[in-house]
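Novice: Questions regarding the structure given below will be posed in turn.
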Amino acid sequence: MTRVAIIGTGDLAYGLAHLYSINNTSSSSHALEVTKPNLQKEGFFHDTDVPLTDFDDALVRADILIFAIPSVALCDFVVAHERKLTGKILVDVTNSYKPNQDLSSALQKISSTESDTSDGSDKILSSKTGFRWVKAFNDIGAVDILLRKPGAKTKIASKMCSNSPEALEMVKSFAETSMGLDIKAVPIEQYKVIANDQNSLGTEWMTATWTILGVFALTMIYNIMRHPVKKGYPWEQFPLFVMNKSISWTALWGFAITQVPGVIALIHNAWHRDTLRDKPMWLRNFLACRKQLGLVSLWFLAVHIVMSCLLFSIAYYDRFFEDKYDPKSKMTANGESSFMFGSFGSCLYFILGVCSLPCVAEAMTRKQWSFVYGPVTWTALCFGTAHVMCQGIGVTWYKAPWSNAGNMPPITLISCLLPWAVIAFKAFQMIFVKILNFSAKRKEVGGHWA
C-alpha cells in the first residue's frame, strides 16, 4: 500500500483529490488523504471521498507528500519540517514567478553546506540533499481537473521529472492508476524547461505577436500619413474605415511572412545534402513560430472581415459599384472579383486555423498535413493577394503618381509587394530544388555536366 498525502487545501489540492475520487478503485494499492498544519476540520475534503487528517499523523503515515502550497511559503515549510520529511518522496506542484522558489531550491538551501558546486544545473542534479523529489502536476490547471467527468474518453496529459528514478516511478504509478493521468517522464536534465510551465506565454507566441504588431505599426504609420494627413480623410473615419486598411494589410503580410521560413528550410535542405548538418538557430526559431504567426494573422483577418461587413456600402466603397448615386446599383467586375477571391482565401485560412488545433493536427496523416500546409496554404495566399489586387487594378493604380496623396502609392499596391516577393521566392525554391535534385541524381549514376 502506497500512502499519499496532499499538503494544502487550495484549488489544485481540491482538483487532485477530485481526480483521485473519480478514478481510484477500491482494489487500488494507493490511499490518499489531505492535510495541512493546524487543520481544524475532520471528515471528507469537499465533495470528494478523500479524508481530512491530522497533519503530524499524515506526515508519519505518508510515503509520498504532495506540496500543494504557495511557492513563496515552500522554502519556510521545508525548513520548518525538515526532519519529518526525511525519507519521504516530495512532490513539487508549484509554478513560481520568482527564481529559487521551488522545492529543488528549498532542499538545496538546506544542504548548502554540503554542496561544493555553484552552477545552477549542478544544484538541480545534486543528490547530496538526501531527499527524493518529483516535479509534477504543475502543467495542469485546477479548473480543468475540477471539471473532469468520470466518463471522460481522454486522459489529461502531464509531465514529471525527478532526481530519483524510483521516486518518479512511484509517483507516476499513482498518477496513472489512481488519478487517470497520462504521464510523460522528462529527464532531469530538462528540469528547467518544465519547472514553471504555467508562468510563460511561450517564446513562440511572444515572437509572433511582437512581429505582427511591428508590421501593424508600420502599416499604421503609412496609412495615417497617406489618408488623414495627405488626402485629408476626416479623423472621425479613422477607427473603422481608415484602420481597416492597416488591419487588412497586416493580415496579408503576416500570412506571407509565415511562409518564408519553410521556403528557406527547403532551400537549405536541398543545398546542404549532409543530413548531419544542423539548421542555423535563427532558422529553427523562425520555423518554430510559424503556427503562432499564422494564428495572430488570422485574428487580423477576422477583424478585417467584421470591419468590412460593418462598413460595406456605397457611401464608403462607391468604387465597387457601377453607379455610386444609385442605392440599388450592382457591383462592378472588380468589386465582385475582389470579394470572390477574399471569400475563397478567408475560408481557406479558417480551415488552416482549425487544422492547427492539437485535436485535429494529431489525427492528420503526413500526406494530409503536407497538402493542407502546402498547396492549400499557398492557394490561400494567392487568393488573398488577388483580393487586394482587384481593388487596385483599374481603380487606383493607374492614377500614378498619386499627387493628391503626396505621391504615396495606394495601400492596395504597397501591401501586395511582400506577397508577390514571397510567391516569387517560392517559385524560385521549387525550380532551384528540382535542379539540385536532378544534378544529384546524375552524379549518383555517374553523369556529368556538359
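The values are calculated or read from the model by the stated rules, or taken from the named source; none is laboratory data. Computed from a predicted structure; not experimentally measured. Heads up, the Cβs are rebuilt from the backbone with ideal geometry, glycines too, and the neighbour counts pull from every protein chain shown. Quick note on the areas: whole protein, heavy atoms, side chains included, nothing else; ligands and nucleic acids left out. Shrake-Rupley method; radii C 1.70, N 1.55, O 1.52, S 1.80 Å.
Novice: Using a simple spin-label model with points 7 Å from Cα along the Cα→Cβ vector, what separation in nm is obtained for Lys231 and Gln190?
Specialist: My value for the distance between the label points is 5.2 nm.
Novice: Evaluate the relative contact order of the chain (contact order divided by residue number), counting alpha-carbon pairs under 8 angstrom at least 6 apart; express in whole percent. Walk me through the numbers before you get to the answer.
Specialist: On the way: 591 pairs, mean separation 51.4, N = 450.
Computed over the chain, the figure is 11 percent.
Novice: Please give the per residue accessible area of segment 34-112, computed with a probe of 1.4 Å over protein heavy atoms only, in Å². Before the final figure, lay out the partial values.
Specialist: Numbers: 4080 Å² over 79 residues.
Result: 52 Å² per residue.
Novice: Now, a different point. Ignoring GluC sites (Glu not before Pro) that are buried or in helix or strand per DSSP, and keeping those with at most 15 other beta carbon atoms within 10 Å, what is the longest stretch of the chain between them?
Specialist: Values: sites that count: Glu42, Glu114, Glu322, Glu362.
My reading of the result: 115-321 is the longest stretch.
Novice: If you take all C-alpha pairs in segment 192-251, what percent of them are over 16 Å apart?
Specialist: Details: 976 of 1770 pairs.
Roughly 55 percent, once rounded to a whole number.
Novice: Got a number for carbon plus sulfur as a percent of segment 218-271's accessible area, 1.4 Å probe?
Specialist: Working: 1590 of 2220 Å².
Of the solvent-accessible surface of segment 218-271, carbon and sulfur hold 71 percent.
Novice: Let me ask something else. Percent relative contact order of segment 195-338, based on C-alpha pairs within less than 8 angstrom and at least six residues apart?
Specialist: Numbers: 110 pairs, mean separation 40.3, N = 144.
Relative contact order here is 28 percent.
Novice: Additional query: Bin all alpha-carbon pair distances of segment 200-331 at 10 Å intervals from 0 and give each bin's fraction as a whole percent.
Specialist: 12, 29, 27, 17, 10, 4, 1
Novice: From the alpha carbon gyration tensor of segment 132-259, can you work out the equivalent ellipsoid semi-axes (sqrt of 5 times each eigenvalue) and give them in Å, largest to smallest?
Specialist: Values: eigenvalues 506, 61, 24 Å².
Whole-Å semi-axes of the equivalent ellipsoid: 50, 18, 11.
Novice: Along the charge dipole of the chain, pointing to its positive end and built from +1/-1 on Cβ of Lys, Arg, Asp and Glu, which listed residue (Ser26, Tyr233, Pro70) has its Cα farthest out?
Specialist: Tyr233
Novice: Moving to a separate point now. What percent antiparallel are the DSSP beta bridges of the chain, to the nearest 5? List each step's numbers first, then the result.
Specialist: Details: 5 of 29 bridges.
Approximately 15 percent, going by the DSSP bridge assignments.
Novice: Now a separate question. For segment 1-105, what mean projected area does the convex hull of the alpha carbons give, in nm²?
Specialist: Approximately 6.7 nm², given one-decimal rounding.
Novice: Suppose R0 equals 22 Å. What FRET efficiency, 1/(1 + (r/R0)^6) with r the Cβ-Cβ distance, do Ala73 and Lys41 give to the nearest 0.05? Each step should come with its number before you reach the end.
Specialist: Numbers: r = 20 Å, r/R0 = 0.91.
It comes to 0.65.
Novice: Turning to a different aspect of this structure: Using amide H atoms built 1.01 Å from N in the peptide plane, name the residues 5+ places from Trp133, or on other chains, whose amide H lies under 5 Å from its own.
Specialist: Distant-sequence amide H within range of Trp133: Leu90, Asn163, Ser164.
Novice: At a 1.4 Å probe radius, carbon and sulfur cover how many percent of the accessible area of segment 291-406? Please list the in-between numbers first.
Specialist: Working: 4450 of 6600 Å².
Carbon-and-sulfur percentage of accessible area, whole number: 67.
Novice: Extending each Cα 7 Å along its Cβ direction at Ser313 and Ser27, get the distance between those two points in nm, one decimal.
Specialist: Roughly 7.2 nm, to one decimal.
Novice: What full-extension length gain, to one decimal in nm, is calculated for Asp56 and Leu357 as 0.36 nm per residue of separation minus the Cα-Cα distance? Mind showing how you got there, number by number?
Specialist: Numbers: separation 301, 0.36 × 301 = 108.36 nm, distance 4.66 nm.
Extending this stretch completely gives an extra 103.7 nm.
Novice: Given the alpha-carbon gyration tensor of segment 169-221, what are the semi-axes of its equivalent ellipsoid in whole angstrom, ordered largest first, with each equal to the square root of 5 times an eigenvalue?
Specialist: Equivalent-ellipsoid dimensions as semi-axes: 40, 13, 7 Å.
Novice: Something else now. Expressed in nm to one decimal, what extension gain is obtained for the pair Met364 and Ala440 from 0.36 nm per residue of sequence separation less their Cα-Cα distance?
Specialist: Values: separation 76, 0.36 × 76 = 27.36 nm, distance 3.18 nm.
Here the segment from Met364 to Ala440 would lengthen by 24.2 nm.
Novice: What are the principal axis extents of the Cα atoms in segment 328-443, in Å, biggest first?
Specialist: 57, 41, 24
Novice: Looking at segment 159-210, which chymotrypsin sites (Phe, Trp or Tyr not before Pro) are in a loop (DSSP not H, G, I, E or B) and have at most 10 other Cβ atoms within 10 Å?
Specialist: Numbers: sites: Phe174, Tyr191, Trp205, Trp210; in loops: none.
Loop-located and lightly packed - none at all.
Novice: On the principal axes of its Cα set, how long, how wide and how thick is the chain? Give whole Å, largest value first.
Specialist: 86, 69, 44
Novice: If the viscosity is 0.692 mPa s and the temperature 37 °C, what Stokes-Einstein diffusion coefficient in µm²/s follows for segment 253-333 when Rh is the Kirkwood radius over Cα pairs?
Specialist: Reported coefficient: 202 µm²/s.
Novice: Cα extents of segment 344-409 along the three principal axes, largest first, in whole Å?
Specialist: 55, 17, 15 Å, listed from the longest principal axis down.
Novice: When the chain is treated as a GNM, springs tying every alpha-carbon pair under 10 Å, which of Cys75, Cys289, Cys309 comes out with the largest mean-square fluctuation?
Specialist: Comparing Cys75, Cys289, Cys309 in the GNM, the peak value goes to Cys309.
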